[in-house]
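None of the figures in this text is laboratory data; all of them are computed from the coordinates on show. Owing to the predicted nature of the structure, the values given are computational and were not obtained by experimental measurement. Quick reminder, even Gly has a Cβ in these numbers, built from the backbone with ideal geometry, and neighbours come from all protein chains shown.
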Amino acid sequence: MYFDRKKMRALREKEGLSQEALAKKIAVSSKNYYSWESGRGLPSLKNYFSLCMHFGEYFDGDGLTQQPLIDPEPEAEELVTES
């Protein structure tokens, strides 16, 4: 899993949130959040996706991108299943 801690800090600060406030919003301890942002630890997959959902973005090998985590309207052909 790729985790860009500097980008996470920038996004948190852009929202005007303290580490403690963001930790509370995603239901983790401030100690755990601090460890992720300081590079001493990585979030679990569940917490990783909580962060992605909070910011409305997802992580990939290039860092945090602006694309939504879930495509809100799948194309019609994706909805068709063969019997």
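Between L11, M53, S30, the Cα set farthest toward the positive side of the dipole of region 5-65 (charges on each charged residue's Cβ, about the Cα centre) is that of S30. Principal axis extents of the C-alpha atoms in region 5-65 (largest first, rounded to whole Å): 26, 23, 19.
Length available on full extension from K31 to F49: 0.36 nm per residue minus the Cα-Cα distance, which gives 4.7 nm. Over all other residues within a Cβ to Cβ distance under 14 Å of K24, the charged ones net out to +1, with Lys and Arg as +1 and Asp and Glu as -1. In percent, rounded to a whole number, the relative contact order of region 5-65 is 28, using alpha-carbon pairs under 8 Å and six or more apart.
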